[in-house]
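Taken together, the values in this text are just the output of simple stated rules run on the coordinates, not laboratory data. All values reported here derive from a predicted model rather than from experimental measurement.
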Amino acid sequence: MKKRLLFLGPPGAGKGTQASRISTKYNLLHLSTGDLLRSEVKEGTELGKEAAILMDKGELVSDKLVLSIVEKKIISPNQGWLLDGFPRNLSQANSLESLLKKLSQPIELVLLLEVSDQLLIERLLARGRSDDNEETIANRLEIYREKTTPLIEHYSRLDLLHSINGDGGINQIEAAIEEILI
Ligand code: ADP
């Protein structure tokens, strides 16, 4: 079974939902940079204050900041992990690769959740998080297209990428993911 995983996909694709199901079921460390940043914001830390301004606009927070968060968390060599929402651009992917090289913990699989734009927007508006308003969503989708989609090519060259259709029901998508993992 593959146990060092990366989830890729646009905002609203269902990465968080699937990542928490899979990580619970297979005892993987679920690392969501979005969740980690939101908890910094909630706690009112300096890092959280800096991040909140950008998150509310749908912009990415700095590579350095997210990397410092991830670095603190990936430690145990025995437990697998599932990264969700990171990396989000090529520079983060390169930093991650050097970190993982140092730790001798290479990525085993990258799962791309694919969902049509119309459905993404519907899901995000229904979720109603503070950064789920129409303007911010449009910006997040644009940033995804511009900064994050180059990772698809990057990981497919490394022969790590698998695509999953994320249009279906939660259980159906989970089953499709498990089929690839095991
Ligand atoms: P979504 O997948 O719906 O975009 P996330 O919870 O993953 O939601 O991220 C919410 C926000 O947190 C992003 O819009 C961005 O501002 C910030 N963020 C999360 N992960 C990263 C990252 N790896 N690099 C930069 N910013 C990030």
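For the range 1-101, relative contact order (Cα pairs under 8 Å, six or more residues apart, normalised by length) works out to 41 percent.
Could you give the C-alpha radius of gyration of the range 1-52 expressed as a fraction of 2.2 N^0.38 Å, taking N as the number of residues it contains? Before the final figure, lay out the partial values.
Details: Rg = 13.1 Å, N = 52, 2.2 N^0.38 = 9.9 Å.
Its radius of gyration relative to the 2.2 N^0.38 Å reference: 1.33.
Just to be sure I understand the curve: with the Debye formula and one point per C-alpha of the range 43-141, what is log10 I(q)/I(0) at q = 0.12, 0.23, 0.24, 0.25 Å⁻¹? These q points yield log10 I(q)/I(0) values of -0.52, -1.26, -1.28, -1.31.
If you restrict to DSSP beta bridges whose two residues both lie in the chain, what percentage is antiparallel, to the nearest 5?
On the way: 0 of 17 bridges.
Looking only at bridges with both residues in the chain, the antiparallel portion is about 0 percent.
Students often get this wrong, so check it: of 42/72; 2/101; 25/73; 2/147; 15/147; 42/73, which have C-alpha atoms separated by over 23 Å? Correct reply: 2/147. Shape descriptor for the chain: Rg over Rh equals 0.93 (Cα atoms; Rh from the Kirkwood inverse mean 1/r). Less than 15 Å apart at the alpha-carbon level, and either on another chain or at least 8 residues along: which aspartates and glutamates does that give for residue 102? Here the aspartates and glutamates satisfying the reach criterion relative to residue 102 are 71. Using alpha-carbon pairs under 8 Å, 6+ residues apart, how would you state the relative contact order of the chain in percent? In percent, rounded to a whole number, it is 35.
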